[in-house]
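One structure below.
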Amino acid sequence: MKNKITARVAFFLTATLLLASCGKSYIEENQDAYKPTDVVPVVFSVSGPTAVYQTEVRDYKIGYSRSGSTWAWTVTGATVSVSADTKTATVTFSTKPANDTVYISVVETTSAGVSSAAKVVKAKVNPFCALDINNFVGAFDCDEEGYGVYTANLTKHPTLTNTIQNDNFWDFAAPGSYVNYTFSGDFLETVTVPKQDFTYGDGVVGWVEGSGKYDGCAHTFVVDYVNEYDGDEYETHHEFAPGSKGVMTIKKRNSSTVK
C-alpha cells in the first residue's frame, strides 16, 4: 500500500512539474511584452576636456554603447565634425567664443526613434595665438625687479629656430654680448634661457640661465634667471613688453638682491 501511495505522489509531482515547464517565467513574459519604444534613452557620459586653448582640436566621445542608437551633436561657438558611428565629435576651437565658452550638445536617438534630452558640456576657451617670433623682435621695455625699466633690443638669432637675442641683459652688457631666449611655439608658451656664458659691461665673464612664459597674443614675456657675476650668483626677474606700449605697470615683489 505504501508503495502505491509513494508512486502516486511521485506521478503527481512529475505531472505538476511538466505542466509548470510548459508555461513562461516572469522574465520571459516581460521580455515578450517589451517593445523598443519602451526604452527611455539618457546620455550617460561624454568624455572630453572642459578647458582648451584657442586653435586646439579636441575629441568628445560617448562613453557607453546601446545597440541601434545614434547620437546627434551640435556645437555653439566652434566647428564640429562627427565620426561615422556618431559616437565621437571632433571640435575645432578656431576663435574666441562669446563669454569664452563653447557649448557642446549631444542627443541620443534609439532604434525605435525615441530621443533623449540633450546633454550639454561646457568648454572654456583660453586665448592662444600661434607664435610669430617676429612679434618679439625690436625695442622692448624691460622691467627688472629691484632695479627699474630700461630698453632692451631684441633680434632674431641667425641660426636657431624661435630664438631671439637680448643685447642689453641686466642693462650691463659688453658690446656684442647677447643672451639667447628660445620660445616653445606650442600651447605651453614657455621661454628657455639655456645656460650660457655672458660678458658684462665691465668685462667680467659670467653665465646666465633661466626660464619663463610668453604670451603669443600680447607679445609679452616674463623670465626668471640665475646669473653669475664676479663669483656671486644672483636671482633676477624680468618682464618684457614691446617698447611701443610704453612703460609697463611695475609689479611689486620682494627683492633679495639688487645690483
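We did not get these values from a lab; they are worked out from the coordinates using the rules stated. These figures come from a predicted structure and were not determined experimentally. Here the Cβ is made from the backbone with ideal geometry for all residues, glycine too, and neighbour counts use every protein chain on show.
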The distance between the Cα centres of the stretch 59-104 and the stretch 120-176, in whole Å, is 37 Å
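So if each residue of separation counts as 0.36 nm, and I subtract the Cα-Cα distance between Thr70 and Val204, what length gain in nm does that give?
Here the segment from Thr70 to Val204 would lengthen by 41.1 nm.
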Going through Lys61/Lys96; Lys124/Lys156; Lys87/Lys124; Lys119/Lys213; Lys96/Lys156; Lys61/Lys213 one by one, the pairs whose alpha carbons sit over 27 Å apart turn out to be Lys124/Lys156; Lys119/Lys213; Lys96/Lys156; Lys61/Lys213
log10 I(q)/I(0) for the stretch 38-126, Debye formula on C-alpha points only (no solvent), q = 0.10 Å⁻¹, two decimals, reads -0.25
By Cβ neighbour count within 10 Å, fewest first, Trp207, Trp73 rank Trp207, Trp73
Taking a crude spin-label model, label points 7 Å out from Cα along the C-beta direction, the Ser105 to Lys124 distance in nm is 2.3 nm
Summing +1 per Lys or Arg and -1 per Asp or Glu among the other residues with Cβ less than 15 Å from Thr192's Cβ gives -2
Loop-resident chymotrypsin sites (Phe, Trp or Tyr not before Pro) in the stretch 90-159 with no more than 10 other Cβ atoms inside 10 Å, DSSP not H/G/I/E/B, are none
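Per residue Cα convex hull volume for the stretch 103-148, in cubic angstrom?
135 Å³
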Applied in sequence order to the stretch 132-140, the curve 6.51 cos²θ - 1.76 cosθ + 1.60 (Karplus, θ = phi - 60°) yields integer Hz couplings, x standing for Gly and Pro, of 10, 4, 5, 6, 10, 10, x, 7, 10
